[in-house]
Structures are given as structure tokens and as C-alpha cells.
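Q: One structure coming up, written as C-alpha cells, with questions to follow.
Quick note: the coordinates plus some simple rules give every number you see, no bench work behind them. In this text, all values refer to a predicted model and were calculated from it rather than measured experimentally. Positions of Cβ are backbone-derived with ideal geometry, glycine not excepted, and every protein chain shown enters the neighbour counts.
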């Protein structure tokens, strides 16, 4: 267990080596350092996990040093390894290593690529601190750290200004959430007198009664942070633009790990949410709304990465749905399976993109299945898991669990949303696969596709493909005793079977409809959305319900107007009035000094006369 | 005697630099560097030897306890003496002065080419004046040093400054700076004299002694007016919106070393003044004034941040961010809890490092591009060696990225202020959002986007690289292990808290009684 810090110290070392080398490392050496550091971290993590499972599954605390000590305020640099952080550690280092490995193939030949590995390693470091931190301040450190890395990696291709702005947007919107989380920390520290997570959860029920306003406010503030990071309504607009980053980044940060940090946070702070049932319900509602909103938006995208981005939003919506029903196990289970199959989908997409000379628009792809068999298999396996194909895929088991818990919790409306979402998922997934791999090749880039070769390219895809099947669902996060199980735990009666059958039927029906629609009716559909109300609907969904436009008018433009208005520092101008006044008087008076004797004599006489008149009249 | 030497060394060093110019342009630089190094080493020596950890003042009777003291009479008739004293707070700030002084010398290594000797005379005399401010606890002497540090700063801006865009000349910026600080200093003098006369009326004796004047009983009204005199002087220097107008001009026009000193040290004298004088001398009045001061802090945070977003000159942008950061400091000071005050100390140190870093970087950019206008930059990431990487780190510090000392400073302030003023803190937290906006706008405009031209600029040389690396190292060190610093100042800050909160309890008793 004493090896635990190495899980984040290796990646940190990678970052330091690369950044202190000042560009002297060759791209190849940079890749070796970057991949090896995460590989070593993964090995250590495997050892730690094995020890944990073989041992008594007891939570381990490890305090490295006291960060700050002022009076009662004594947050530490301390780690806590329990079932939840263990699960996250496994995902971050395991999936993270596979993605780093794939990145070595994806990024080869790009200029300045060492910078990429420095950022990626820094990300793994921050993410590990996020999940291992035993107090909220250290969690916040990781929380902001992953945000910074996300910013840097979205804007990695900095020479295109739009990428920089996409990164900017991602950072600012998530930071809005972070501000709420920060206020939540201030409040919890005042009310509960500690920032240690275990103590917080223990003390909250002692200080706050269920439904107390302080608990509600605290839960809302935490939720604010989670919504920003996990791209849920209404702070979701950054994720689709975040696809500007290299595809391995999208796989690691914007699918498998960072965006699910919000789910982790809510699960971690479940004790606060249990005291605020209304807020917990709100979590579920937001999840439901997001999964529907994003599902429709995914239907109307042409960029394959944007389809996957909206799909991620939608799947995290499922996790929030589960959290809202108090089914924390189901949420984390889905987090894990989603990390497997979404990483697979993104890496396969990356494979397609590089093979097709950086073409990622479905309108210019198509017919690739014969030419790119490995990527095709990745898409099919990942897509099947995403649309929860019954029994054989990992996604089926986790999603089924969520829907069942929804029923057990009695939220029929949310259950319905989940089912509709399942239908949508099948539709957009099949549309994505058929649009990319079937039909005719629609551009020269597609016609001259060169399949990826080598172990570095193939291994991650194969391993993730295996994990995306039912084999992945055999991995069971050891969450007992860490998180409450939810209303439907252990109950596998008739009702559960019914939900499973209904969910399977929905998913299969969706797949069948999609197969018919997109194989037989692709051209017809394409024609329909050219004009009329269908075109407007398409546009509306393509713009993801117009949030960006609304935010632009509501926030961005007014703020820019304000900065333009104040640019010249109005307050300073006002305070300079005396100076201008003195200046003006000076100019006026000095003008009277003309040096003309006649003028002086005249004004003197006039002045004397004036005084005399005043004296005479006054006297 | 050591304390006197701490003040004298920069002044003597300055004179040597001036005369040393006869032996070539490099002599003053090396002399100045050695001077500040000696200053820093003495301070560090004091730090390791002295005892600052103990809660110095336990009892009310023994109100002020210093780690070191030195006193000789100066004008006995009016009770004025040269009285120097050192506690944890002044020690930390003097160490900061020594370190930033070295950086100021180093960053002008290539920038300043004319009248090198006189430049370093001014630079060192500013620092000497600042050290005097941090050490004096005779109010007359304090005022003396307070005014004394302005004159060399004026020359620094007026003689070696850049002429800015849009008709802003360096002479005007220097004059504006001088008039603002001079006029506000006058108010402080009036307040000091008022306090002395009030003490004279009570006891029949003149005294400018800090410990003596603290005991002076004052009516609420008088205390409020006198406190305001001090506050205005410090508010101009901090600066607090609306009296911030000199800062952007002075920063934009000053040479890099001047900006480093201004942002790193001179602004801190204001916060120091509040902590040392305004709060302890007038605790009741300060307590009553706290809501106003905190509101001013809030306004500063947002006004500074919004204006920073609208700037095109890199240095003006950084100047406005200073105003925003000092808003946090003001809130922390007037919250007056130990946590918040310790946050203020950390924030002062952190801001000194990060602002100095950003100003030095913009100086280095200027030496390569010969412009500070961001409209002419863009796409510099791959073309300027290690510069963008360092910029990124200091920009991250400026926006309060955890792991940096700035984060801890701001968070300690907000954690400490929340129990006192929850709404203020909640609103101030949104300053983090705007901080991200202006900080990333800087990155976007300067480093991202399509390159404006072909070719590479010179990478940082060893001197530049080491400067930045040491600053960055300190920012991270105090961001992850600030305890040595906090332990040093805990006694001093605990004392301020005790004075400040004792009042709030007694005043509630008083108001409760009738």
C-alpha cells in the first residue's frame, strides 16, 4: 500500500522530465517517457488493487504531509484508498495507459509532440489526486488540475484560433461550476468544521437534519461543480467543442475519466445528498433531461467525434439518473463500462481519422469497413455496448441495472426517459456506424484510407473490445460499504426481469429500426432534411437545441459590451476631472498673458472701474 | 543594530552603484545584485535564528512583542525616535523585498543601457525605503520612509520608462503616480498628527511611539476620521477602486524592474500598513468600517477583472489583474480572522511572485517583439522557446490554480472570511471565474492562433531561465507547503486578530448595555 503515491508520482515525473528538457527530447523519446510513466503507474495500480482485494478490503488512509495548518483549518495532502477510489484508480491508469499507447501511434510524426505527453501525464497525475484525495481541498486541486489539462489539450493545435477558443470555453464553463463547488467548500467548512471527506460525511447527519436548508444549499453547490465538469444541463455546451483536441484526448479526458468526475463527486459526497432528498431528485431530473437532449442532438451531427461527444453527455446523463435514484453502485458500474466502450469508440474513431488523412465528417467518409477492419470491429463492439445489445455487451448490464433501480425507486417518469434514451442511443449509434463504414466512399480521403498497423495501434483496440463485451461486466467494483446500494439492490424478482426484457426490447427495436432506416432509407432521409420543417428540426438538433446561441446573447455579448464600455477606465477619468479643471484654468489664464501693453492697461482700467462701481453700489 | 543595517545596506549599495559606473556598465549591476543578496542573506539568517513561532503576545498588558528592537532618540522634544522593530510579518516582507530586489536587478540586465549607475541608485533606494517602512514603528519615521520611497520611483518611471500608446507619456504617468501617493500621504500625516495631539491632550506628552499611541483613548468620531486618513493613504497604494487610477499608467510606462517593484513590494506596503497601523490603532473604527472596506474589495475584484479583459497592452492587463487580486487582500484584512489574515500574508507573497513573473515575462516579450500590444501578437507559442511555458504557469497562478501559492492565499482568505461575511465571500468567489477569463484571454491573444510572421525568436538565456524557474519554484513551494511562512507570521497575525475581534465582542457588549 505504501506504493500508492507512485500511481501519481510516475506521471508527474513524466511531465517534469519532458518539460524540464526544454524541447531537447526527440518526439520518440517523449513518447517513450510519456507512455512508460503511465504504464508504470498502471502496474503499481494493479499491484495496489490486488493487495486491496486480497487483503481485507479495508480502506487505507495515508497522510503525506499537512498542507496548511491555521487553527482548525488543517487540510492535508492525504490519500484515501477505498472501493470507490480503487475503481477509479483502475480506470484511470488502466484505460489511461491503453489510450497513451494508442496515442503513440496517433500522434506520430506531429511536430512538438512531447508537449502532448507532458500534458497527458499531468492530466493523469491530477486525476489521480482527484480520486485519491482524502479531503475536499485536495480533491479540488485535482479537480482544477484536470480542468487545466483539458484546456491545454483541447487547444493543443493552437495555430487554429478556433481550437483555442474551444479550450477557453471549456475552461470557463467548467470553472463556473468550480466556483459553486468552492462556495460549497467554504460553507461546509464553516458548518461542519472539517474538510476531510470521511469526517464530513460522518458529521453532516449530526449537525444537519434531513431536509435542512444548509444541507440543501451545500448539495446544490456541490451539484453545480459536478454539472460543469460532467457536461450536464445547463453547463454542457463546452463538451462538443472540446472535440477540437487530438482524439486520444477525447477518449481519455472527454469520455473515460474527467467528464465522469462529476459522477464521482456526487457519489463521494452521497452523505450530503442523502440529507437533501430534493436535490438528489434534481440530480436525476437533470440526468434525464440531459440524456434526452444530447440523444437528439447526437442524431443530427455529421462529425463522428461530435456524435460521440453528445453520446458521452447522454451516457453521463444515465449516470446522473442513477445517482438521483440513490443507486450509486449502478452509477459507478456504468461509469466503468462506459469508460471501456466509449474509449474504444473514440480510439476507433481516431484510427479512422488518421487512416482517412484527418477526415472526420461522415458526409465525406463511408464504405470503409472492408478497408479498416480493426476500426470497424471496434466500432461494432463499442457501438453494441453503447446501445446496450442484450446479454453480450458490458453496456447492457450496467444500463439495465440503472433502469431497474429507477423502477425500484418509483421514478416512473425518469424510467421512461431512460427507455426513450435507449431508443435514441441505438438510432444514433447505428447511424454513426453505417454512415462511416457502409454505403459508398464519399471522398478521396476515404478512398485512399490506409489502415493502422502495429501493436501500438492494435493492442488498445483489442483489449478495449474485450472489455466492452460481457467480460467487462464481470469486473465488479468493490463498492460495498462505501456507497449505499439503492432501493433495488439484491432484489432480482419478477419486476426486474420485466425491466430487463423491456429494456432489451427497446434496444433491439432501436437497432432494427436504425438498420432499416439507415441502410435502406439513407438517401431519402438526407433529402428530407434539406428543406421544410425537417430542415429546421435538423438544424435545431444540430445546434444542440440552440444553447450556444442563447448563451452567446445572454452572457458573452453583454460581457463583451461591458468590457468595451469600461475599457478606458471610467472611474479614473472621473477622478481626473480636477486635473483637467486645473489644466483648463491654466490654459484660460495664460491666454490673458499676451504681452500687449494696451490690453493690460485696458483690463486694469476695466477692473478698477468694476471695483469702484461695486464699492459705490455696496456702500 | 542589525535592523539599522537592513535599511542602510540598500542606501549605501545605491551610492556605490552610482559611483561604480565609472568602472563600466557592468559594475553597478553586480554591486546592486550583491547588495540585495546580502540583504536577503541577512534576513534569512534572522529567520533561522529568531523565534517567530511562539505566540508572542499572550496577555493584553504586554500588547506588542517584537522579536528584535532598536531605538535611539531623534527629536526628543516631540517624542520622535528612530525606533525599529521586527516581527514575523515584517521579516517575511523584508525577505520578499530582498528576493524581488535581486530579480529587479537581474531583469534590467539588458533592458537598461543609459545611466546605469543612477538607475541602480534609484532602484536600491526604493528598496531601502520599503525596508524602512517595514521596520519603523515610530509613526514619524514610518511616514518619513513612506514618502521617501516615492521619489526614486518617480525617477525610475520618468527617466527609464516607456512612452506608452495613445499619448500616454512616461512623465505623465510618473507625475500621476506621485500626486496620487503624495496627496494621500498628506492625509496620513494629518491623521498621525491628529493622533499625536489627541495623545498630548490626554497625557500632556508628545509621542510618535506605536505602542504608546495604541493605548490612546479616542472618541468614536475622532477615531473614525483618523482611521480614514490612514485608510485613504493605504487604499491609494493598495490600490482600491476608485483610487486606483495611477497604477495601470505607472505599470504600463515603468521599466520592467519598476513594475516588479511596484507590484511585488510597493503594493504590499499598503496591506502591511493596514495590518500594522490602521487595524491595531483603530480597532473599533476599523470594525465599524469593515463592511465598507469589504464592499470596496468586491468592487475592486470585479472592476479590475472586467477592465483587465478589455486591455490591449499586456502590462496594463497585468496591472488591472493586480487590482482584482488586491480586492481579495482587502476583504481578508477586514474580515480579521486569523485564517483570513494568514491568507492575506500568503496572498501578498504569492501575488508578489506571480505578478513579478508576469511582468518579467512581458518585459522579455518586449525585448523580443518590441511591442506590448496584443493585437500584434498571436501564435507565439512555438516561436519563443520556453517563454510560453512559463507564461502558462504564471497565468495559471494568476487565475488561482490549486498547487500555486495564489490558490492557497485566496482560498484561506475566503475560508476565513466566510463566517464573517458569507455573501461577500460568495460573490467574491465569482472573481475566480473572471480571473480565468482575463488570464486565458492573455494566453489566447499572445500565444495561440495563427502565427503573424515566420521565424523564431531567441529562447530564454540562462539568466532569464533561472529567474523564471526560481520564481515558479517558490510559487509551487508555497502552494504545496506554506507552513514555514505561516508559522513565521502566525504570532503577528494572531495579535491583529486578537485586537480586532476583542473589539467586536466588547462593542457588542457596549451596544447591548444601554
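Q: Calculate for chain A the 222 nm mean residue ellipticity that helices alone would give, adding -39,500 (n - 2.57) per DSSP H run of length 4 or more and normalising by residue count, nearest 500 deg cm²/dmol.
A: Calculated mean residue ellipticity at 222 nm is -22500 deg cm²/dmol.
Q: Restricting things to Cα coordinates, could you compute the convex hull volume per residue of the stretch A:542-584 in Å³?
A: Cα convex hull per residue, to the nearest whole number: 54 Å³.
Q: Follow-up question, since we're still on this one. Evaluate peptide A:162-171: per residue, the Cβ atoms of other protein chains within 10 Å of its Cβ; return the mean as an integer.
A: If you average over the peptide's residues, the count of other-chain Cβ atoms is 4.
Q: On average over all directions, what projected area in square nanometres does the stretch A:349-400 have, based on the convex hull of its Cα atoms?
A: About 4.1 nm², averaged over all directions.
Q: Rank these for me by crowding, B:464, A:359, going from fewest to most other beta carbons within 10 Å.
A: The order, fewest Cβ neighbours first, is A:359, B:464.
Q: Order B:144-152, B:299-307 from most to least packed using the mean count of other Cβ atoms within 10 Å.
A: B:299-307, B:144-152
Q: Using DSSP, restrict attention to beta bridges with both residues in the protein assembly as shown and report what percent are antiparallel, rounded to the nearest 5.
A: 95 percent
Q: In degrees from 0 to 90, rounded to the nearest 10, what is the angle of the helix A:96-106 Cα long axis to the longest principal axis of chain A?
A: Taking the Cα atoms of chain A, the angle to A:96-106 is about 80 degrees.
Q: Using only Cα atoms, tell me the angle between helix A:557-566 and the longest principal axis of chain A; keep it within 0 to 90° and round to the nearest 10.
A: 30 degrees
Q: A follow-up question, please. Quick one: pull the percentage of alpha-carbon pairs in the protein assembly as shown with a separation above 54 Å.
A: Result for the distance tail: 26 percent.
Q: State the extension gain, in nm to one decimal, for the chain segment bounded by residue A:462 and residue A:162, taking 0.36 nm per residue of separation less the distance between their alpha-carbons.
A: Value of the extension gain: 104.6 nm.
Q: Just to verify a number: FRET efficiency for residue B:375 and residue A:69, C-beta to C-beta distance, R0 = 56 Å, to 0.05?
A: That pair, residue B:375 with residue A:69, gives E of 0.75.
Q: State the three equivalent ellipsoid semi-axes of the stretch B:298-484, derived from the C-alpha gyration tensor as the square roots of 5 times its eigenvalues, in descending order and whole Å.
A: Values for the stretch B:298-484, descending: 31, 18, 11 Å.
Q: Ratio of the stretch A:365-454's C-alpha Rg to 2.2 N^0.38 Å, to two decimals?
A: It is 1.39.
Q: Based on the Cβ-Cβ distance from residue A:364 to residue A:559, what FRET efficiency comes out when R0 is 35 Å, to the nearest 0.05?
A: Efficiency for this residue pair is about 0.45.
Q: In whole angstrom, note down how far apart the Cα centers of the stretch A:50-68 and the stretch A:511-562 are.
A: One Cα centre to the other: 49 Å.
Q: Also, I was wondering about something else. Over what distance in Å are the Cα centres of the stretch B:149-216 and the stretch A:259-321 separated?
A: Here the answer is 57 Å between Cα centres.
Q: Starting from the coordinates of the alpha-carbon atoms of the stretch B:84-242, obtain the Kirkwood hydrodynamic radius over all distinct pairs and give the value in Å to one decimal.
A: Kirkwood radius, the stretch B:84-242: 17.6 Å.
Q: A further question follows. Tell me, what are the semi-axes, in whole angstrom and largest first, of the equivalent ellipsoid of chain B as set by the roots of 5 times the Cα gyration tensor eigenvalues?
A: Computed over chain B, the values are 36, 26, 20 Å.
Q: Would you mind computing, in nm to one decimal, how far apart the modelled labels at residue A:604 and residue B:456 are, each placed 7 Å from Cα along Cα→Cβ?
A: With each label point 7 Å from Cα toward Cβ, the separation is 7.7 nm.
Q: In which sequence would B:65, A:528, B:29 go, from the one with the fewest C-beta neighbours within 10 Å to the one with the most?
A: Details: B:65 18, A:528 15, B:29 21.
Going from least to most buried by this count: A:528, B:65, B:29.
Q: Over the Cα atoms, compute the radius of gyration (one decimal) and Dmax (the largest Cα-Cα distance, rounded to a whole number) for the stretch A:44-179, in Å.
A: So, for the stretch A:44-179, Rg and Dmax equal 17.4, 54 Å respectively.
Q: Right, here's the next one. Using only atoms on other chains, find how many Cβ atoms lie within 10 Å of each Cβ of peptide A:62-71 and report the average.
A: Mean shielding count: 6.
Q: Could you line up A:107, B:326 from fewest to most neighbouring Cβ atoms inside 10 Å?
A: Listed from fewest to most nearby Cβ atoms, that is A:107, B:326.
Q: Turning to a different aspect of this structure: What whole-number value in cubic angstrom gives the convex hull volume per residue for the C-alpha atoms of the stretch B:1-154?
A: It is 112 Å³ per residue.
Q: Further question on the same structure: Summarise the partner chain shielding of B:334-347 as one whole number: the mean count of Cβ atoms from other chains within 10 Å of each residue's Cβ.
A: Taking the mean over all residues of the peptide, I get 2.
Q: Kirkwood Rh and Cα-based Rg: tell me the resulting Rg over Rh for the stretch A:491-619, rounded to two decimals.
A: Using Cα coordinates only, the ratio equals 1.66.
Q: What three numbers, in Å, describe the spread of the alpha carbons of chain A along their principal axes, ordered from the longest?
A: That gives 115, 64, 56 Å along the principal axes, largest extent first.
Q: To test your reading of the geometry: what angle, between 0 and 90 degrees and rounded to tens, separates the Cα axis of helix B:139-148 from the longest principal axis of chain B?
A: Taking Cα atoms only, the helix is inclined about 20 degrees.
Q: Can you give me the convex hull volume of the Cα atoms of the stretch A:285-380, divided per residue and expressed in Å³?
A: Spelled out: Cα convex hull of the stretch A:285-380, divided by residues, is 78 Å³.
Q: If you don't mind, there's one more thing I want to ask. In 5 Å bins starting at 0, how do the alpha-carbon pair distances of the stretch B:412-465 split up by percent?
A: 4, 14, 13, 12, 12, 11, 9, 8, 8, 6, 2, 0
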